[in-house]
Structures are given as structure tokens and as C-alpha cells.
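What follows is one structure encoded as C-alpha cells, with my remarks underneath.
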Amino acid sequence: MERTLNISFIYGIDAVLALLLACGYCAIVRKKEIWLIWLYFSVFVANIGYFALSISKTVEEALLANRLAYLGNVFLPLFMLMTIMKVCKVNCSKIWRGILIGLSCIVFLVAASQGYLPVYYKEVSLVFVNGMAKLQKVYGPLHSLYYLYLFAYFAIMIGVIVYAVCKKKITVYKHAMLLLVVVCFNIVIWLIEQFINWDFEFLSVSYIASELLLFLLYG
């Protein structure tokens, strides 16, 4: 029980930190970037979802919390890409922005179908590990769509940074290195979580670290 409380407490702290960073950015930075604000709040939503899942008592509660976490996780790469493109001075047309937002909505709807349709999760049940709620899942045929979605965004982010450096759109190379660290750090954490079965979502912490680095860059 103590371990469960500690993990839930960490998720709660992560959510509060994400909210404080969003408020701090709005209060401190004069020339605000709307995509970065959305990024901060998407991390807040994802961490609230992790927290709610960890204290869930029923399958319905856990699925609702999981959908909330996916709401933040699915749109976070979009907001991060738009933020990186802004820093790198790479333009994205309204048509492409609309396409990307539409794709993100589709991926989220597929992920949110859990409990209703057997396309993302074939089966799902609630188990308790050391007193903490955890979803036991059997993946459906469209679950790999989320992996492709993330890999595509990570590849585009790296491509944008490399393009900006080659075209000298980023004059301060420390900015480019900082952006690469943010992207690669999250890729590594996500890949590790795919191969190692942990009871804790370390992405909730890596998101906060990424936000801090971006806050320093914009500050």
C-alpha cells in the first residue's frame, strides 16, 4: 500500500508541476507560443490520467483514466512538433496543420475505443499490483497504429531539426542540441518502457524534464 501511495503521489506531483510550468510560462514569457502552452497542458492531462488510473477501483474507472492519459499522449507529439518547427523557423501550412490535427484525432478515437470495440484492446481487465490498479491488456489489430504514429512524429521532429541546422535557420547550435536532447530523451524512455515491464510510467517524469528544457530555451 505504501508503494502504491508513493507512485500515485509521484503522478500527482508530475501533474502539478506540469500545471505550474504552464502557468509560469504564461506569467513569465512575454511573447508566448500557443503550441508550447498546449504542450504543457497535454502533459498535465496525461499525468492526471496516470494518477487517476493508479487509484482506480473498477475497470470502468481505469478505462476512463486511460483514455484521459491517451488524450494527453496522442496530442503531445503534435504540439511538440509545432513547437520545434516554430523554434527552427520552419513553416507549416494551415492545410498540413489541419491534416496533422485530423490524424491525431483519428488515432485518439481509435485509442479511446478501448472497452467499446475490440480494435485497440481485444480484452482488458483490472489487476492490482502491490495495491495499485493496473490494466491487463490483450492488444487488438489497430494497437500498432499508435506505435507508427509516434515513430512518424519522432522522425519528423529529428528531420526538422537537421533541416533547420543544414539551412542555417538555427543560428545558435546549442538550441538545436537542446531540441535533439528533448526528442531523443523521450524516444529512449518510450523504447525502454516497451521492452521492460515496469509498474511506473517513466514518461510522466521525462515529460516534465522536457518541459523544463523547453522552458529554459524559451526563457
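See the values below:
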item: Residue tally, condition without any contact (Cβ under 8 Å) to a residue 12 or more places away in the chain and either touching a Ser or Thr at 6+ places or on another chain (Cβ under 6 Å) or not small (Gly, Ala, Ser) (or both), over segment 93-113; result: 7
item: Enumeration of residues in segment 179-198 that are open to solvent by 40 Å² or more (accessible area, probe 1.4 Å) and touching a helix residue (DSSP H, G or I) at 6+ places or on another chain (Cβ under 9 Å); result: LEU180, VAL181, CYS184, PHE185, VAL188, GLN194, TRP198
item: The lone exception for SER56 - which of (1) out of contact with any Gly (no Cβ under 9 Å at 6 or more places or on another chain); (2) open to solvent by less than 30 Å² (accessible area, probe 1.4 Å); (3) farther than 16 Å from MET157 by Cα; (4) free of Cβ contacts under 8 Å to residues at least 24 places away in the same chain it fails; result: (4)
item: Filter result for the condition that a residue is modelled with pLDDT under 95 and within 24 Å of TYR153 (Cβ to Cβ), over PRO118, PRO77; result: PRO77
item: Tally, over segment 114-149, of residues that are in a strand (DSSP E or B) and either among the charged types (D, E, K, R) or in contact (Cβ under 8 Å) with a residue 12 or more places away in the chain (or both); result: 15
item: Residues that are assigned to a helix (DSSP H, G or I) and touching a residue at least 60 places away in the same chain (Cβ under 8 Å), drawn from segment 183-202; result: VAL183
item: Any hit, segment 2-23, residues being at pLDDT below 80, of a type in the set (D, E, K, R) and part of a helix (DSSP H, G or I); result: yes
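The values are calculated or read from the model by the stated rules, or taken from the named source; none is laboratory data. Quantities reported herein were computed from a predicted structural model and do not represent experimental measurements. Quick reminder, even Gly has a Cβ in these numbers, built from the backbone with ideal geometry, and neighbours come from all protein chains shown. Heavy atoms of the whole protein, side chains included, go into the accessibility calculation; ligands, DNA and RNA do not. Shrake-Rupley method; radii C 1.70, N 1.55, O 1.52, S 1.80 Å.
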